[in-house]
Structure formats: C-alpha cells, structure tokens
1. Taking the Cβ of Thr255 as the centre, find all other residues whose Cβ is under 15 Å away and add up their charges (Lys, Arg: +1; Asp, Glu: -1).
2. Give me a comma-separated list of calculated 3J(HN,Hα) values for segment 66-74, in order, Karplus coefficients 6.51, -1.76, 1.60 applied at θ = phi - 60°, integers in Hz, x for any Gly or Pro.
3. Taking only C-alpha pairs under 8 Å that are 6+ residues apart, what is the relative contact order of segment 84-142 in percent?
4. Note the full-extension length gain between Ala220 and Leu401 as 0.36 nm times their separation in residues minus their Cα-Cα distance, in nm to one decimal.
5. For Trp237, tell me the accessible area in Å² from a 1.4 Å probe, rounded to the nearest 10.
6. At 7 Å along Cα-to-Cβ for each site, give me the label-to-label distance between Arg279 and Ala49 in nm.
7. Mind grabbing the accessible area of Met114 for me, 1.4 Å probe, Å², rounded to tens?
8. For segment 277-326 and segment 41-90, what is the separation of their Cα centres, given in Å?
Amino acid sequence: ERQTLSDHVETKTRSTARLIVCVILPFAAGYFVSYLFRSINAVIAGPLADTFNLGPAELGLVTSMYFLVFVLVQIPASAVIDRYGPRRIQAALMIIAAVGAAVFAMAENLAALMLGRALIGIGGSVALLTGLKAISQWGTPHKIALANGWLVMLGALGAVAATLPAELLTDRIGWRNLFLVLSAVCIAIAAVIYVFVPEQAMIDEHAGPRLRLSDIYTDARFWRIAPLSATTIAASWALHGLWASRWMRDVEGLTHTAIVHVLLAMAVALSAGALALGRSAHRLQRHCIAPSTLLAAISGLSMAAQAALALRLPLPMTASWALVALAGASTVLSFASLAATYPPSCSARVNGLLDLLHVGGAFVAQWAFGAIVQVWPAENGVPPVVAYQTALGVLIMIQVLGVLSFVASSFRLRPTIFVAHRNYHPTERRERAGQRFPGFDHSVRRWMIRVADAREQAQPRLGAAHGVLLLVLDFAASVSALARGQQEVRRVIRFMPSPRAAKFRCRRLGIA
C-alpha cells in the first residue's frame with residue numbers, strides 16, 4: 001500500500017509538472033504578449049498623438065481596434081479551436097500578431113496604424129481561449145479555477161511589462177523599434193507552442209453533449225454570468241488600457257513618470273489579483289460558494305473605487321486604480337463558472353462567446369469614453385474635468401445594470417436547454433454537480449455521522465420516554481373511567497325509585 005501510494009504521488013507530480021511546462025507556460029507566454037499589446041497604448045499614447053496629431057476620439061478608435069477585431073474573430077476562432085485543438089491555432093495566430101506588430105512599427109498614417117493594430121488584435125484574440133481550452137483538456141476539474149488563476153496571472157504580467165519596462169525601452173530605442181522587437185518575440189512564442197505543446201488531449205474530445213451556439217446563447221445559466229462579467233471586465237479593460245493614464249494626466253495633473261508608476265501598480269494588482277482570485281475561488285468552492293458570487297463582490301469593489309475617483313474623494317488614488325485593474329482579472333471567476341457548467345468538448349465556444357462580450361464591451365466603452373470626453377471643448381488643449389467625470393459616471397451606471405441583472409437572474413433561474421439536452425445524462429449531471437461543489441459530499445458525510453451520533457445518544461432515553469408515555473396514558477384512562485362512573489351514578493340515582501334501590505343497582509353494575 002505504501003508503494004502504491006508513492007507511485008500515485010509520483011504520477012500526480014509528473015502530470016502536474018507536465019501541465020505547467022507543456023500547457024500553462026507556453027500559452028501564458030502567448031497571453032503575456034496579447035496583454036502587452038492590449039495595454040501598451042496607455043504608455044505610447046503621448047508619442048502616438050504627437051506623431052500623427054490624434055485627438056481623444058481618434059486615439060480611442062485606434063486603441064479600440066484591438067478589441068473590435070477581437071469581436072469579429074471570437075466566434076469562428078473558438079469553433080476552430082474546439083475542432084483542431086489549441087496548439088496549431090495559437091501558433092498560427094502568433095505569426096499574424098508578428099506581422100501586425102511590424103506593420104504598426106512602420107506605419108506612416110492613421111490607416112496603417114489601424115491596420116497594424118487590427119492584425120495584432122487577430123493574433124492575440126484567442127490567446128486566453130487557447131490556454132483555457134488546454135487547461136480544460138488536461139487539468140483536473142476541481143482545480144480549473146486555480147489553473148486559470150495561474151494562466152491569467154502569468155499573462156497579466158504583460159500589463160506589468162507595458163508600464164515601466166515599456167517606458168524605459170521606448171525612451172531608449174523608440175516605440176517603432178519596440179514593436180519590431182515584439183514582432184520577433186511573437187515568432188519565438190509561436191515556435192515554442194508548436195514544438196512543446198502536445199497535440200492530443202488525454203480525454204475524449206467528443207464526449208458530452210454537442211451544443212450549438214444558439215443553445216449556449218439561449219441558456220439561462222450563461223446569461224446569469226454574462227452581463228455581470230461583461231460590464232465589469234469591459235470597464236476595467238477600457239480604463240486600464242487607455243483612459244486611466246489620460247485621467248491621471250488631465251484630471252489629477254500627474255507627471256509622465258508618476259503616471260507610469262501608477263500604471264505599474266495597476267499591472268501588479270492585476271497580475272497578483274488573478275492568482276489570488278483563482279486560489280480564493282478554489283477554496284470557496286469547498287464551502288459551496290460559487291465563483292460567480294465572488295465575481296459580484298469584486299464588481300462592487302471596482303464600482304466603489306470608480307465612484308471615489310469620479311467624485312474625487314480624498315482617498316489614495318493608487319489604491320483606487322489598483323481595485324479597478326483587479327476587476328480585469330475576474331475573467332478567472334467567470335470562465336471557471338462556465339467550466340463547471342459545460343463539458344470540455346465545447347469549452348472554447350462557451351468561453352469565446354463570453355469573451356466576445358468582454359472585448360466587445362471594452363471596444364464600445366473605450367471608444368464611447370473618448371466620444372463623451374470630446375463633447376466638451378478643450379481648455380488649453382486639455383478636456384475639462386467634468387468631461388472625464390461624466391464619462392466615468394456613465395460607465396459606472398452600466399456596471400450597476402450588470403449587477404442588477406445578476407441578482408435578478410439568480411432568483412428566476414430555471415432548467416435550461418443544456419440541462420434538458422438529450423445527450424446530457426442525469427448521472428453525468430450529478431457527477432458534474434459534485435465537481436462544481438467538491439465539498440458537498442464531505443458535508444453530507446459529516447451530517448450523516450452527526451445524525452448517527454444523535455441516535456446513539458438518544459437510545460438510552462427512549463425506554464424512559466416510553467415508560468413516561470405509558471404512565472400518562474394510564475392516568476388519562478383512569479380519569480376518564482372515573483368521569484364515566486360518576487356520570488353513570490347520576491343516571492342511576494335519577495331513575496331509581498329509592499336510594500336503597502340505587503345503591504343495589506350500582507353494586508350490580510360494579511360502580512363504587
């Protein structure tokens with residue numbers, strides 16, 4: 001038994017090491033570059049605006065092209081990932097990202113900038129989805145939230161690299177040469193993914209129900225998470241990717257160096273928060289607390305921080321922006337919630353549909369924020385403070401609607417198409433329920449043990465209880481018989497001609 005246990009631990013250690021080296025690290029590198037491209041415009045926004053004479057709306061449009069392409073690529077790319085696997089798809093898209101970075105570096109006008117940004121968006125559009133797909137294939141079901149946390153944490157380090165390190169490289173070699181370097185990095189990551197990531201999954205890819213996109217988009221469980229996740233994450237990405245730096249410059253009056261340091265703190269909060277959220281969700285699931293509940297709490301904290309910034313309350317600005325950035329890591333929670341609901345065979349499509357709402361909302365939020373700011377005329381080349389406050393207030397109201405939708409759907413959730421699917425057997429449903437709440441079986445066992453203990457302790461008292469019950473019943477019978485005897489005496493005395501005759505009659509009837 002000791003040798004068997006040792007072999008089991010060794011096998012588990014090898015599988016965990018393989019998951020980290022061959023799955024998490026290669027795809028985390030791709031997500032790292034994707035996050036770097038997503039956030040780097042906050043650092044190079046000044047040089048870009050000066051070089052091409054861009055206004056707030058034009059700058060927001062160029063930056064949001066990354067998210068617009070995300071929207072267009074998510075659905076077809078997620079279906080292709082489910083069919084051909086994450087390895088080849090991510091390697092090919094990294095090559096497209098390398099081409100886009102080279103075009104962006106050599107752009108001479110606004111159209112070329114938008115083309116390069118669009119190609120970069122295509123290359124990085126499914127970096128997260130491929131990693132989540134690989135984790136759902138090779139990862140242990142009850143540890144998916146933890147593995148997702150590590151993936152997002154390592155990838156979110158790209159946001160850290162897009163702050164002070166990118167600023168130093170931009171000052172040294174210029175933003176054009178920086179993008180050429182990133183193009184070479186994309187090619188190297190594509191080679192690593194193609195060589196080191198295994199081709200075949202360890203599970204039957206065709207097991208489980210075959211769900212169409214319409215089945216997922218009409219599923220009440222999907223729409224319970226989607227509005228809350230989309231509004232929270234889209235607002236965080238839109239602010240962190242561009243408008244946080246402009247807010248600090250135009251509203252708070254910070255210098256460029258101070259802005260970079262605050263962005264670095266936001267990136268660190270994003271990266272560390274992804275791992276913290278993953279570990280928290282993993283621990284809370286043992287107590288039957290779903291990741292979606294934690295997601296709602298993070299959304300509330302983010303809105304409170306944004307309200308403090310909009311009202312310019314005397315609170316630490318860096319802490320408020322760090323909370324806003326932390327909300328961007330809550331993809332760990334939303335994707336883990338969906339992974340506990342849908343089988344791995346359609347995980348890429350489910351995650352792709354949710355990520356479509358994330359990036360689509362980020363595109364609309366990032367562009368609309370700039371459009372609202374531009375409504376007010378600039379004063380000395382700088383938009384007024386009220387313009388930024390109004391735009392942030394609108395963003396907060398949209399997030400409030402997402403939270404209200406989550407709360408309302410929690411009360412009216414009904415069985416869905418997915419649950420009633422003909423290929424979704426009830427046994428599998430129970431198994432997946434146990435995977436979603438690994439502490440449920442343990443709680444049931446503890447409850448049964450307590451019930452058995454209570455019965456054992458109550459056994460000696462049952463005899464005494466039965467004796468007391470018999471005495472009570474005997475006393476009640478005696479009182480009843482006495483009452484009936486008294487009634488019979490009254491009746492005999494009433495109809496007998498004399499007391500002597502009544503006494504004789506009572507003796508004959510056995511009445512004292």
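The values are calculated or read from the model by the stated rules, or taken from the named source; none is laboratory data. The model shown is predicted, which means the values in this text are computed figures rather than measured ones. Heads up, the Cβs are rebuilt from the backbone with ideal geometry, glycines too, and the neighbour counts pull from every protein chain shown. Remember, those area values only see protein heavy atoms, side chains included, never the ligands or the DNA or RNA. Shrake-Rupley method; radii C 1.70, N 1.55, O 1.52, S 1.80 Å.
1. Numbers: positive: Arg246, Arg249; negative: Glu167, Asp171, Asp250, Glu252.
With Lys, Arg at +1 and Asp, Glu at -1, the net is -2.
2. 4, 6, 4, 5, 3, 4, 6, 9, 4
3. Numbers: 53 pairs, mean separation 22.7, N = 59.
RCO, segment 84-142: 38 percent.
4. Working: separation 181, 0.36 × 181 = 65.16 nm, distance 1.72 nm.
Taking 0.36 nm per residue and subtracting the Cα distance, the gain is 63.4 nm.
5. 10
6. Roughly 3.9 nm, to one decimal.
7. 50
8. Taking the Cα centre of each part, segment 277-326 and segment 41-90 sit 26 Å apart.
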